[in-house]
Amino acid sequence: MKLNFEKNTFFTKLIFRFLVITMIVILIFGFSVITYFKTFFVEQKEAQINKNSKAVIDYLADSKAEDNKQEIVNWLSIIGELNDGHAWLINEQGVLEFSYPYSFDEERTFSGYETIFEGNTISREVNTEDFELTMLFVGMPVKYQDEVIAGLLVFTPIDEINSIIEHIVGIMIYISLTALVFILFVSYYFSRSLANPLHNMGLVAARISQGEYGKKVEIKEKGASKEIKLLSESINLMSGKLEQTIKSLAEEKNKLKHVLSGMEEGIVAVNSSGRIILTNQSAESLFNFEEDIRDKEISEVKLYPEVTEVFEQIISKEKAAQEQLIISKEDTNQYYLVHFTAIRLEDDSFWGGVAIFHDISERYRFEKLQREFVANVSHELKSPLSSIRGSVEILLDGIIENPEEKREYLKMILRESNSLSHLIDETLTLAEIDAGGVELNKDQLQIKELFENLKVFFKNIKKDGQSLQIEVDPGLKVRANREKLRQVLVNLLSNSVKYSAETGRIKLKAEREKAQIRFSVADNGVGIPDSEQKNIWERFYKVDKARTPGDRSSGLGLAIVKQIVKEHQGEVFLESSEGEGSTFSFTIPAAEA
C-alpha cells in the first residue's frame, strides 16, 4: 500500500510528531550541554582567577594600607599578568584608583561595589566599551586586618571559552542533523508499520460500508505491533460475521419478499404514527400505487376513503380488528375482508400493525350464484309442475269433454314432463361430473365426419332462412368421447340458432393450434354484453329472459359445455359484441397428443 505525505493523514502526523519530539529533545539536550560546558569553563576560569589573585592579594593589601602607590601598581600588574587580563582597584566609594595595564584619565565609579565591601566575591560576564572582547569579571575584597580596605576587580578575556563553546555547538549541530536523518528513517518505517495497517483497515471498513462484506485486512509489515494485529484480526472476524449476518438477512428478506409477492392478499404495514413501512405487489395492484409509498402517511396516500378510515380507527384502537369493505372499482363493487394485526414490542408497547386485504369478491359472487341457482332450480321446477297440476285438475274436474281438447292437455302434460326430465337429467349430469363419477371412454374421431352428422340436427332445429357453414380440414382427428363432444357441439349450435335472426348465418369450424384442436361456433346474432360475459358459463345463468325467443331455457347448457371440455383437458372461450354476434370456442388435445 503506497503511503503519501498528504496533510492530515495519520502517517504524516505521526512522522511530524516524531520529528518535532526529536527536535525538542535535541534542542533541550544541546542547550543543556552547551550551558553545562560554558558554566563549567567559566567556573574553572573564575577559580583560577581567585587562586592566582589570592597569592598576592595580601601583599596588595599591605601596600594599600601603607598607601604605597608604586607597589600597588606593581602588584596589580602581577595580578593582571597572572590572569592574562586587567586588574583594577577601587576604594570604598567604588571609585577607580588604580588600573593595569593602563590608566584612565577620567574618574570612573563601579556600580555594585557594596557587595564586595561586604566581604563577598562576585563574578559575571561583561561586555563594555572599555574592552574589545567579552570579559569575565571577578570582584573580590582586599582585607587588611580583617577589614575591607579596597576592592580588586579582575577582567580576563573568555574568547577561548567562547571558541570552545562554538566548537561544541558545531559538533552538536552535526550530531543533531545526523540524528534527525536517522530518526527520519526510523520514524518513517515505524510510522509505516502503524499507518499502513490502519490505512488498510480504513479502506476495508469503507468497502464494508459500501456493501462489500467479507473483505479481509492483510498486514504485510513485519514490524506491526501485537495490538495492530489483534485489531486487524478483530476486523476480519467482524467482516466475516457481518457477511454471514447480511447474507442471512438477505436470504430472509428474499424469502419474505417472495412470500409477500406471491400472496394474492394485499398487505400494508404501518407504524404507530400511521406511516407506511411495507407493501406487496397485490396491494400495489389493488390501490394502483404508481410510486414507492413507503415512509408516507396514510392520509397522504390516495387510498379509498373507506380504507383510510379503517386504518385510522384501527391505529387509534391499537388492537386487532376485522372489517369488510365494499370498494367501487371499474364500475363494479369489489368486496374485501380486512384483517388487522397489531405489532407489539417486548415491553407490550404498540409499534404498528399489518393490514391484510383479502379479496372475497369471487366468493361473494359464488355465494350469489348459489342463491340464484337455488332460486332458478325452484323456478324451473315450479313452472312445469304448475302447468301439469293445472292440466290434471282440469281433466279430473271434467270441465273439458271434447276428446281433441283433452288430447292437447295431455300433450302439454307430456311436454312439461319431458322438460322436467331434461332439466333433471342436465342437473344430474353436472352433479355427476362434479363428483368425478363420469368415465370418458375416448376414441379417435374424425372431426369432418362428426360435423357432417350435425347437419341433420341443424336442419331439425334451425329457423327458416338460417344457414350453416362448416369449415374443417379432412385430416383433423381428435381423441374424445363421441357422445360428450357431440353434446357440447349440439348445445352451442342450439344457442346460436336460438339467438340468431331468421336469416342468420352460423359457422362451425375446427382448426389445429399446435397440439390442440380449436372448435368454434360463430353466429351473427344479438351478441352478449361485456358485463355479462364473465358469468355466462355459470349454472342457471341467463343473460336476459326477454331475449330468449319462445322456448324455455334452463341455463345449464353452457355450464355443461364447460364441464365436459374441462374433463377433456380443454378450455372454453367467448368472443362477443353486443348486436354483432358471438363466437363460442373450445380447445381439446389433438389425437396425436
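The values are calculated or read from the model by the stated rules, or taken from the named source; none is laboratory data. All values derive from a computational prediction rather than experimental measurement. When we count neighbours, we look across all protein chains shown, and the Cβ atoms used for this are built from the backbone with ideal geometry, even at glycine. The area values use the complete protein model at the heavy-atom level, side chains included, leaving out ligands, DNA and RNA. Shrake-Rupley method; radii C 1.70, N 1.55, O 1.52, S 1.80 Å.
Observations, loosely collected:
- Matching entry among SER191, SER209, SER187 (being surrounded by fewer than 13 Cβ atoms within 10 Å (Cβ to Cβ) and modelled with pLDDT under 85): SER209
- Of all residues assigned to the range 42-52, none qualifies as being touching a Lys or Arg at 6+ places or on another chain (Cβ under 9 Å), open to solvent by less than 50 Å² (accessible area, probe 1.4 Å) and either among the aliphatic types (A, V, I, L, M) or under 21 Å from ASP146 (Cβ atoms) (or both).
- The residues of the range 117-134 that are modelled with pLDDT of 85 or more and surrounded by 14 or more Cβ atoms within 10 Å (Cβ to Cβ), listed by number, are PHE117, THR121, ILE122, SER123.
- Pair list, Cβ under 6 Å, 6 or more apart: the range 227-251 residue in a helix (DSSP H, G or I), other residue open to solvent by 60 Å² or more (accessible area, probe 1.4 Å): ASN236/LYS216; SER239/LYS215; LEU242/TYR213; GLU243/TYR213; ILE246/TYR213
- Residue match in the range 68-78 (condition: of a type outside the set (A, V, I, L, M, F, W, C) and closer than 16 Å to PRO141 by Cβ): no
- Take the conditions (1) closer than 25 Å to VAL56 by Cβ; (2) of a type in the set (Ser, Thr, Tyr); (3) touching a strand residue (DSSP E or B) at 6+ places or on another chain (Cβ under 7 Å); THR109 misses just one of them, which is (1).
- Pick from the range 332-350, criterion part of a loop (DSSP other than H, G, I, E, B) and open to solvent by 90 Å² or more (accessible area, probe 1.4 Å), ranking: farthest from ALA269 (Cα to Cα): ASP347
- Test: residue in the range 124-137 that is in contact with a Pro (Cβ under 8 Å, 6 or more places away or on another chain) and not in a loop (DSSP other than H, G, I, E, B): yes
- Qualifying residue in the range 100-113 (condition: modelled with pLDDT of 85 or more and out of contact with any Gly (no Cβ under 6 Å at 6 or more places or on another chain)): no
- Of residues in the range 484-496 being of a type outside the set (S, T, N, Q) and crowded, with 20+ Cβ neighbours inside 10 Å, the one modelled with the lowest pLDDT: LYS484
- Residues in the range 441-492 that are among the small types (Gly, Ala, Ser) and not in a strand (DSSP E or B) were compared, and the one that is farthest from ILE506 (Cα to Cα) is GLY475.
- Taking the criterion of being part of a helix (DSSP H, G or I) and touching a helix residue (DSSP H, G or I) at 6+ places or on another chain (Cβ under 7 Å), the residues of the range 138-176 that qualify are ILE161, ILE164, ILE165, ILE168, VAL169, MET172, SER176.
- Residues that are open to solvent by 30 Å² or more (accessible area, probe 1.4 Å), on the phi < 0 side of the Ramachandran plot and either aromatic (Phe, Trp, Tyr) or outside any strand (DSSP E or B) (or both), drawn from the range 510-531: ALA515, ASN524, VAL526, ASP530, SER531
- Residue list for the range 454-476, filter: of a type in the set (Lys, Arg) and buried (at least 17 other Cβ atoms within 10 Å of the Cβ): LYS462
- Criterion applied to ASN453, ASN460, ASN441 was being polar (S, T, N, Q) and modelled with pLDDT under 80, and the one residue passing it is ASN441.
- Boolean, VAL33 is in a helix (DSSP H, G or I), touching a residue at least 12 places away in the same chain (Cβ under 8 Å) and touching a strand residue (DSSP E or B) at 6+ places or on another chain (Cβ under 8 Å): no
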